[in-house]
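Each reported figure results from applying straightforward, stated rules to the coordinates on display, with no laboratory input. All values reported here derive from a predicted model rather than from experimental measurement. Glycine also receives a Cβ, built like all others from the backbone with ideal geometry; neighbour counts cover every protein chain displayed.
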Amino acid sequence: MKTKHILIAARAQGLASAIAIITFLYPAHGQLWWTNPPAEVAVFATRASNVIKTLNLSELRKADTVGQILFTNLIWLSRWHDSNSVFSSHADTLTNAGSPMPTNKSEIRLRSPELDQWRSNLLNQLSMHLTPDQVELVKEQLTQRRMTVTFRAYCESNPTLTESQKATILDLLRQAREEALVAGSSEEKDKIFRKYKGRINNLLHQWKTHSSSPPTTLPPLITNHVGGRENTH
């Protein structure tokens, strides 16, 4: 009965075939799905469906395949976070890997090699069916367009930014988006972007301080020779 309800919920989002195919091909993943309440599965079906609509794919088969990829990956990510919601034994491995020491349990959890592998697998699967620009669009949708919106806000509030400075800001926000892809909630995504916005704000302060500092050397003396005499201005 539960399976029937899940299929009905997903069919309402246009992903019934994706569920049927994946359940048949990947029974291990399917088993995870059936432990989800129908309402929860419908949420992921809706998210996948919304991304497909944004991509505006003309080929039905491609849209179905990409929907399948998104749906299964979102389910897996949710179940992983459900099972790893507290500080785990990953900490020692992660903090001794040569990377900077994370500042809190959430950051340590998000550095799990399993999440890195999940992100890599997701992007590789999408790249098999989508163009690089379309993959970028998927990333934006999965992170609620935080990168684009934040970058636009920085440019509007700091109109004197140089192209190089804009590129630096965009690169930092792109790093934030990559980290946010594996976050388990909207709040966690916000926290990641706040961390990077703090770095950007520090850079903005440095740039403004540098541009407003008085020159360390005097400008060269301008001389004109008028009637054989040196005339200074």
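Numbers for the structure displayed
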{"item": "Exposure proxy order (Cβ contacts within 10 Å, fewest to most) of Asp133, Asp116, Asp190", "result": "Asp133, Asp116, Asp190"}
{"item": "Packing-based ranking, highest mean first, of 120-130, 167-177 given that Cβ atoms within 10 Å are counted", "result": "167-177, 120-130"}
{"item": "Paramagnetic reach from Met128 (point 7 Å along Cα→Cβ, amide N under 20 Å) across the stretch 44-63", "result": "48-49, 52, 57-63"}
{"item": "Nitroxide proxy distance, nm - points 7 Å out along Cα→Cβ at Gln117 and Thr54", "result": "2.8 nm"}
{"item": "The stretch 143-212, relative contact order [Cα under 8 Å, separation at least 6], %", "result": "32 percent"}
